[in-house]
Structures are given as structure tokens and as C-alpha cells.
Amino acid sequence: MPANENEQVVRERMDFDVVIVGAGPSGLSAAIKLAQLSQANNQNLSICVVEKGSEVGAHILSGNVFETHTLNELIPDWKEKGAPISVAAGSDNFVFLTTKKHFRLPTPPQMNNHGNYIISLGNLCRWLAEQATQLGVQIFPGFPAAETIIENNRVCGIITGDFGIGKNGEKKESYQPGMELRAKYTLFGEGVRGHLTKRLEKTFNLREGKNQQTYGIGIKEIWKIKPENHKPGKIIHTIGWPMDSQTYGGSFLYHAEDEQVFIGYVIGLDYKNPYLNPFKEFQRYKTHPFIKKYLEGGTRISYGARAINEGGFQSIPKLTFPGGALIGCAAGFLNVPKIKGSHTAMKSGMLAAETIFESLTNSKDNIGAYEEKIKNSWIYTELYKVRNIRPSFRYGTFIGLIYSALDTYIFRGRAPWTFNHHADNKALSKKESAKPIEYPLPDGKISFDLLSSVYLSGTHHEEDQPAHLKLIDPTIPVNYNLKFYDGPEQRFCPAGVYEFIEESGQKKLQINAQNCVHCKTCDIKDTTQNINWVTPEGGGGPNYPNM
């Protein structure tokens with residue numbers, strides 16, 4: 001029997017001083033900092049972290065070449081405590097690819113990785129969760145934050161997702177209502193394009209006077225390669241092929257531990273050609289002779305995808321509202337030229353923790369001070385200096401490179417202007433003015449098909465549940481997207497979620513929600529913003545081992 005929408009749901013309630021949404025770098029750093037301050041000042045704060053993944057780290061995906069200075073501040077003895085950080089960055093290589101050749105370019109100063117480490121961010125988050133737990137923080141993996149509790153214009157906590165709702169909305173025998181987790185303060189660190197963050201931005205008008213956020217899609221694989229091809233610490237970034245000169249994109253190839261390489265491709269979601277397929281571009285990129293030589297004879301062991309923030313300084317929203325704040329990638333602190341955001345995410349969580357601790361112990365609500373702490377920190381300075389680099393590439397790769405050099409070496413990030421961003425979903429050209437792209441078939445050795453790739457992500461969802469990808473208007477995919485853009489959702493999704501099929505002689509969009517790797521690309525790139533991503537049943541999604 002379908003659930004009655006008017007039925008009053010009785011929910012278990014738990015009260016905390018602070019609830020943190022998301023066990024990523026920012027959320028865990030905030031939890032640890034709060035617990036440290038609580039112990040140092042003989043307080044007894046109750047701190048809870050909820051995480052939608054089946055375990056901490058299951059939904060974490062990043063390059064990642066890691067700057068340790070924030071971790072040095074948070075946990076100075078991280079080496080002694082066994083943090084999974086061991087492969088020191090070695091040589092930096094910045095390379096321009098043509099169809100068959102490659103040319104070494106000077107490495108931009110922002111991409112100098114001396115002193116950094118090649119890591120699995122997922123494993124670092126697992127370790128951070130252990131540190132937080134030892135300090136008394138309660139962490140609930142497999143519990144997505146489905147709703148925000150707002151009373152009298154103040155955020156008072158969250159409601160976790162219900163379990164045991166069938167695909168038609170009926171309550172199954174396994175039904176359990178979500179819990180109310182109430183808090184004096186709630187921090188939202190749910191990552192890029194968080195579904196609660198989207199609602200908070202509208203409810204509290206957090207984007208007033210700010211640029212819209214812009215994004216890229218990052219696709220990553222982990223390979224175990226032949227020992228003779230492996231050089232621990234080696235870092236390669238490429239631009240150029242297979243992107244055309246009007247499409248922002250580039251790759252990374254990091255030589256990690258145990259003869260593994262982390263290889264990935266990032267494409268700006270302001271791309272114009274509706275026929276572009278990010279997954280197939282990544283597979284094609286790996287066939288370039290300069291890249292292929294590292295992979296030949298190796299074995300692909302993992303796959304995943306994630307949207308990243310690219311808006312930078314001018315796209316950071318208002319960070320606070322009554323009862324809470326945005327931290328990490330929910331706010332958008334990625335430094336695009338550096339291709340790094342973990343260090344800024346962690347610092348933002350620590351600054352939010354300091355603000356909340358001061359408010360709780362002084363009995364004075366001053367959550368707005370977090371915004372000032374960010375502005376007075378190195379996060380603000382770092383992002384301000386590179387604010388014009390990413391938007392300069394809207395004029396093409398070569399103009400973007402020339403401007404970036406001028407901005408870096410002549411203006412030193414202090415140009416008396418700030419470029420604006422444009423909305424990614426409005427960037428696509430109509431199909432009549434776009435050229436279809438022919439992609440080579442996968443060879444099963446270097447390049448692969450989509451479904452075998454999704455299999456390597458460990459993605460699983462309970463099939464008998466409502467689809468977590470909601471169409472506001474179910475007629476738009478066929479009547480508008482397919483008609484004018486040849487259905488770009490069937491290409492921009494890196495997991496094969498969207499597929500146009502024929503049913504009774506009519507075209508129809510089929511949503512294979514069980515394939516979803518939670519990258520949020522559809523929520524971002526859909527032309528009319530008709531797709532709304534919400535949390536599925538707890539524990540659903542990818543199960544990344546060490547992304």
C-alpha cells in the first residue's frame with residue numbers, strides 16, 4: 001500500500017551539540033577540531049557525523065596529490081599515528097598532447113608539487129574517521145541526510161533517509177523511518193552539488209550577489225602496472241588532445257604505491273558539443289602513445305567519477321545561515337590551477353569548528369564569524385590570486401594559457417578585474433550546429449566499455465526503492481532534450497544511467513538509477529535543470545576501495 005503523504009511519521013530523535021553532514025575531508029576535520037577544542041577546554045560536546053556511503057571513504061574520489069600543511073596543523077603527529085601518506089611527490093611533468101605527439105611545457109608554479117604526497121583520499125578519510133572516533137565523535141555511515149529541519153527560520157538539524165520504501169512509494173516489511181538528528185549547529189560538508197546545500201542556497205538566498213558555481217566532471221581509474229613502467233612519485237598532467245581548442249579539459253597520471261597509477265581526466269561542464277561523451281573521451285585519451293606506454297601490460301582495478309567545483313573565489317556563496325554553515329566542496333574551495341581542494345576543505349572545516357566552539361562556550365550565537373575567519377585566512381588569499389585563470393579558458397585553450405601566464409607572472413594574481421562565470425547547463429549548442437563525434441571501439445586492454453567500468457566501481461542500490469533521480473517534468477527529455485540536443489544525458493552520464501529506448505513506437509527516457517555513481521553531473525549539466533538528484537536509501541552508491 002502506498003504511503004499516505006498526510007500520515008504523521010513518528011521518528012526517533014537524538015540531540016547533539018553539533019551535527020555534521022558528510023564524512024569527507026571537511027566534515028571529519030571539523031569533527032576532530034571540535035573534539036580537540038572540547039577536550040582542551042574541559043567541555044563535553046556531543047558531535048555526530050552522518051555519511052551516506054556504506055562506510056567512510058566509499059564515496060570519496062579524488063586525484064590526489066595532497067598538501068599536508070592543513071593536516072600538520074590539525075594532527076601534527078600524523079606520521080607517528082600512521083596516516084596513509086607515504087609516496088612523496090617526485091618529478092612534475094606538464095605536457096601538451098596532439099593526436100600522436102607530445103610536447104613538454106614549463107610547469108606552472110601552481111602545479112609545483114615539491115613537498116606534497118600522492119595519496120588515496122578515501123583511505124585518508126578512513127584514517128581521519130578513526131582519529132575522530134578516538135576523540136569521542138559519533139560517526140554514522142550508511143545514513144544519508146535526506147531533509148533539513150528548519151524551524152523559525154533556523155536550521156535545527158537533519159532527518160536521515162527512510163529505509164524500506166518500495167519503488168511505488170509503499171512501505172515494505174523492512175520499513176524504518178529516518179531519525180531526527182537535532183543540533184544547536186549543523187555543518188553541511190556533503191560535497192559538490194549537495195542536494196541539501198542546493199535547498200539551503202535557495203531558502204537563505206546564499207547566492208545573492210555571487211557568481212553561479214561552475215563544474216567539471218572528473219573520471220578516474222586505478223591501474224596496477226608493470227614494475228618497469230612504475231616510477232613512484234612521478235606526476236604527469238596533460239592538456240590538448242583529445243579536447244578541441246574550445247573545450248576545457250586535461251588529465252592526470254600519478255604513480256602511487258604498490259605499482260599502482262591513478263589516472264584520470266577532467267572536462268569542464270561548460271562544454272558546447274552535445275555529442276561529447278566524457279567517458280569515451282577518457283577512454284580515447286588513454287590510447288595516446290605517450291600515455292599508453294605506461295598502461296600496456298597492466299590491469300585496471302578500479303573506476304569512478306565525480307563532479308568537481310571550478311568556480312573558485314567568485315563562486316563561493318554566503319557561507320552561513322541561522323544554525324549552520326557550508327564547509328568544503330559544498331561551498332566550493334577548490335583551487336583549479338593547483339587541481340587541489342582537500343587542504344582548503346579541511347581548513348574550512350577547522351575554521352567552522354572554531355567558530356561553533358566559541359559560540360557554544362560563550363553562549364553567544366555568532367556563526368557569522370566563520371565567514372570572517374575564511375576571509376582572514378590563507379584560503380581567501382590563495383583563491384583570490386587564481387580567480388581569473390579558469391574563466392579565461394572560455395576563450396579557448398591557447399588564449400587561456402597566454403592569459404594565465406600573464407596573470408601569474410605579470411599581474412601576480414592582482415589584476416584590477418575579476419572575470420565572471422556562465423552557467424554550465426546553458427552552454428550546449430543545438431544539435432544542428434554541432435558535429436557528431438565518432439569514438440573508437442574499446443579494445444578491452446587499454447580502453448573499456450561503460451558497463452564493465454561501472455562494475456569496477458562496486459556500485460549497488462537496493463532496486464526496490466523510489467528512483468533517486470527525479471524528473472521535474474517527465475516530458476522534457478524527449479520533447480526538448482532529444483529534439484533539440486539529441487539527448488545529451490545519454491552521453492554526459494559516466495555510468496549509463498540515462499538511456500533513450502523505444503516503447504510502443506514512442507521514444508522514452510529510461511533511468512537506470514541502480515548504475516548511479518553519485519557524480520551529480522546530470523543535476524548540473526541538464527539543459528533545463530529538470531533532473532534533481534536526491535539521496536537514495538542509505539549505503540547505496542559506489543563502494544570505492546581506495547579512490
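Let me spell out the model: positive unit charges on the Cβ of Lys and Arg, negative unit charges on the Cβ of Asp and Glu, origin at the Cα centre of the range 141-238. What dipole size does that give, in debye rounded to 20?
It comes to approximately 440 debye.
Would you mind calculating the relative contact order of the range 6-165 from Cα pairs under 8 angstrom and at least 6 residues apart, reporting the percent as a whole number?
29
What list of ³J(HN,Hα) couplings, whole Hz, do you get for the range 426-438 from phi and the Karplus terms 6.51, -1.76, 1.60, once you set θ to phi - 60° and write x for glycine and proline?
9, 8, 5, 7, 5, 5, 5, 9, 10, 9, x, 10, 9
Quick one: Cα centre-to-centre distance for the range 334-348 and the range 438-517, in angstrom?
31
Mind sorting GLU173, GLU358 by how few other Cβ atoms lie within 10 Å of their own Cβ, fewest first?
Listing GLU173, GLU358 from fewest to most nearby Cβ atoms yields GLU173, GLU358.
Here is the link list: LYS338/LYS525; LYS210/LYS272; LYS318/LYS340; LYS224/LYS272. Which ones come out longer than 28 Å on Cα distance?
LYS224/LYS272, as the Cα separations exceed 28 Å there.
At 7 Å along Cα-to-Cβ for each site, give me the label-to-label distance between ILE402 and TRP417 in nm.
Each label point lies 7 Å from its Cα, and together they span 1.4 nm.
Which ordering of PHE140, PHE313 is given by a fewest-first count of other beta-carbon atoms within 10 Å?
So the residues, fewest neighbours to most, are PHE140, PHE313.
How high is the FRET efficiency from LYS430 to LEU451, r the C-beta distance, R0 25 Å, rounded to 0.05?
In this case the efficiency is close to 0.25.
Is there a quick way to get the dipole size of the chain? I mean about its Cα centre, with the Cβ of Lys and Arg at +1 and of Asp and Glu at -1; what is the value in debye to the nearest 20?
The dipole magnitude comes to about 1920 debye.
For the range 206-214, just list the computed ³J(HN,Hα) in residue order, Karplus coefficients 6.51, -1.76 and 1.60, θ = phi - 60°, integers in Hz, with x standing in for Gly and Pro.
6, 9, 4, x, 10, 5, 5, 6, 10
Only counting other Cβ atoms within 10 Å, I'd like ARG412, ARG199 sorted with the fewest neighbours first.
In order of increasing Cβ crowding within 10 Å: ARG412, ARG199.
Express the relative contact order of the chain as a whole percentage, based on alpha carbon pairs under 8 Å and six or more residues apart in sequence.
Worked out over the chain, it gives 20 percent.
If you average the C-alpha positions of the range 137-154 and of the range 155-189 separately, how far apart do those two centres end up, in angstrom?
Computed from Cα coordinates, the inter-centre distance equals 8 Å.
Express as a percent, rounded to the nearest 5, the fraction of DSSP beta bridges in the chain (both residues included) that run antiparallel.
70
Suppose only helical runs count, i.e. DSSP H with n ≥ 4. What mean residue ellipticity at 222 nm does that imply for the chain under -39500 (n - 2.57) per run, divided by all residues and rounded to the nearest 500 deg cm²/dmol?
The per-residue figure over the chain is -6500 deg cm²/dmol.
5 Å is the cut-off here: which amide hydrogens, built 1.01 Å from N in the peptide plane, fall below it relative to TYR498, excluding neighbours closer than 5 in sequence?
Result for TYR498 returns ASN512.
ALA146's amide H: which non-local residues (gap 5+, or another chain) put their own amide H closer than 5 Å, with H modeled 1.01 Å from N in plane and none for Pro or chain starts?
ILE159, THR160, GLY161
Once you place label points 7 Å from the Cα toward the Cβ at GLN134 and ILE437, how far apart are they in nm?
Result for the modelled spin labels: 4.6 nm.
With θ set to phi - 60° and the Karplus curve 6.51 cos²θ - 1.76 cosθ + 1.60, what are the ³J(HN,Hα) couplings of the range 80-95 in order, to the nearest whole Hz, using x for Gly and Pro?
5, 8, x, 4, x, 9, 9, 8, 5, 4, x, 6, 9, 10, 10, 10
Starting from the 7 Å offset along Cα-to-Cβ, what nm value, one decimal, do you get for the label separation of SER86 and ASN362?
4.5
List the residues whose amide H sits under 5 Å from the amide H of VAL87, counting only those 5 or more places along or on another chain, with H placed 1.01 Å from N in the peptide plane.
ILE118
What's the long-distance tail for the range 425-533, i.e. % of Cα pairs beyond 20 Å?
The calculated P(r) of the range 425-533 puts 46 percent of pairs beyond 20 Å.
Values quoted throughout were computed directly from the atomic coordinates according to the rules given, and no laboratory measurement underlies them. Note that this is a predicted model, so its numbers are computed, not measured. No Cβ is skipped: glycine too gets one built from the backbone with ideal geometry, and neighbour counts run over all protein chains shown.
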